[in-house]
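Values quoted throughout were computed directly from the atomic coordinates according to the rules given, and no laboratory measurement underlies them. The structure displayed is predicted, hence computed values, not measured ones. Positions of Cβ are generated from backbone atoms using ideal geometry, with glycine treated the same way; all protein chains shown enter the neighbour counts.
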Amino acid sequence: MENKKKDRNGDIRIDYENIDVSNIMDQIKKKIENQPKTQKSQRFEEAEYSGSLPSFPPKHESPQNFKSKIKNLLLKIMKPLSPLIKLMVLPVHQELRDTIDKLDHANKHLEILGKRQDRLDKKVDEWASRVNLAFEDLDKTKDCTILLHNLSHNLVVELTKLKIEEENLKLKTRIMEKDFEFLGQREKALEKKVFK
């Protein structure tokens, strides 16, 4: 089944089931050849093949060209006055030189101060490390002091206990001495009774 697509200017036949591109291109070329040429293309072809070159528009002076001419004119006028201008500019030049010298001097001072600042920073870092070590030593001594305090407290407690035990033992020995004396006296009394 062939489907035909009709264009306004002519027929172009397209078989949508079996598309043949070369056939479609041939039909388009024939259609273009059959169309009448437009007047624009004719004018272009006439101008191209006539052999005469197109004329350029007349030159207008651009503002850049005008400015450069004025600049050159002013430079020519000022040329005889250039020594006077240099003389007038000399104090400004001298002030610029003085300012540059002052800035150079200030930069050197800033470099020296920067070096001093670096040295001071190093010293501060050294002192900070020393202070940190001192604080670490203080922490160690604090811990040791706490341990010694606990040890001395425990020693006092133990010595107190030993003192109490010693006093108890002294009392017991005194009691035992009295008992021993009592038993000795009793023994003597019994011996006297028995041996009489």
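Results, tabulated for the structure shown:
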{"read-out": "Which of Ile19, Ile12 has the fewest Cβ neighbours within 10 Å, and the rest in rising order", "value": "Ile19, Ile12"}
{"read-out": "For Ile14, distant residues with modelled amide H under 5 Å away", "value": "Lys5"}
{"read-out": "Global geometry of segment 121-196, whether rounded, prolate or oblate, following the gyration tensor of its Cα atoms and the 1.5 cut on a/c", "value": "prolate"}
